[in-house]
Amino acid sequence: MRALLALLALLAYPIVSANLTFAQPCGDLLLTADGTWEFGYSWGGGDAPPPEYGAFAECYSGEGEVCGMALWVTHFEFGEQAPFDAFVWSDDGEGAPGSVLCASLGHNASPVPTWPNFERVDVPIEGCCVSGTWWIGFRGTWPGAPGMEILADIDGPVRGCPRTKIAPGLPYPEGWQDVSLIYGHDTKALAIGALFRSCAPTGTVTTTWGRVKS
């Protein structure tokens, strides 16, 4: 079973490119990708232990509030459910996510459209004020076969920061790495966007990493 999951984790699937219609429910959409998708990536749960291994992330910069995350995903009928957790990280100063600033847990994108169709999934992340460089992304929490694949932009004009966090024991460097190291494509950006607006702190209580671990 583990061998099967490892195989699933390392597969990259070609996606039919399609134009994207942007929606902005709570703020401006920050998205490095050009809105067309050429591949989809995922990890099997057996090779992506919690709390962060198997996560995917993109970096952005600016001072304000991250009020949501937008994902574009598809599905290849491996897993039946697509549960996931969303995160905002600080920057570690070396080109990778650092400490978790905010988390929005317990989401499920199911039912995810089957390739070549895809969908946008919006996730609320309220009260998450950031500045400088920061990262946003998700980790699939399915226990076995992946329930969705995050779409990837291969030929866009702008290079982002497409990263995934590799667990120990796999034939790759542990920790946050460029997705191109795993999936064999010169990926410009992942289909992970941030909904961003001016920061106006309120009484909203944001989940911190210390509370996630407790």
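How big is the dipole moment of the range 117-176 about its Cα centre under a simple scheme where the beta carbon of each Lys and Arg is +1, that of each Asp and Glu is -1, and everything else is neutral? Debye, nearest 20, please. It would help to have the intermediate numbers written out before the result.
Values: 5 positive and 7 negative charges, 42 e Å.
Value, rounded to 20: 200 debye.
Among Trp43, Ala86, Gly68, whose Cα sits farthest toward the positive end of the charge dipole of the range 40-100 (+1 at Cβ of Lys/Arg, -1 at Cβ of Asp/Glu, about the Cα centre)?
Trp43
Size of the range 49-132 along its principal axes in angstrom, Cα-based, largest extent first?
38, 25, 22
For a protection proxy built on the mean count of beta-carbon atoms within 10 angstrom, sort 91-104, 45-58 highest first, please. Each step should come with its number before you reach the end.
Values: 91-104: 16.7, 45-58: 20.1.
Per-residue Cβ counts within 10 Å, averaged per peptide and sorted highest first, yield 45-58, 91-104.
Project the alpha carbons of the range 72-116 onto their principal axes and report the range along each, largest first, in whole Å.
In descending order, the Cα extents are 38, 21, 15 Å.
Compute, for the range 70-212, the length of the dipole vector about the Cα centre, with Cβ point charges of +1 (Lys, Arg) and -1 (Asp, Glu) only. Units Debye, rounded to 20.
On the way: 8 positive and 15 negative charges, 62 e Å.
The calculated dipole for the range 70-212 is roughly 300 debye.
Taking every pair of alpha-carbon atoms in the range 29-71, what share in percent sits in each 5 Å bin, from 0 to the bin with the longest distance?
Values per bin, smallest distances first: 5, 13, 23, 19, 19, 16, 5, 0.
Which Cα, out of Thr133, Pro116, Cys102, lies furthest along the positive dipole direction of the range 90-146 (beta carbon charges, K/R +1, D/E -1)?
Pro116
Rule-based calculations on the coordinates, nothing more; no lab input. Note that the structure is predicted; figures quoted are calculated from it, not measured. Counting neighbours? That spans all protein chains shown, and the Cβs are built from the backbone with ideal geometry, glycine included.
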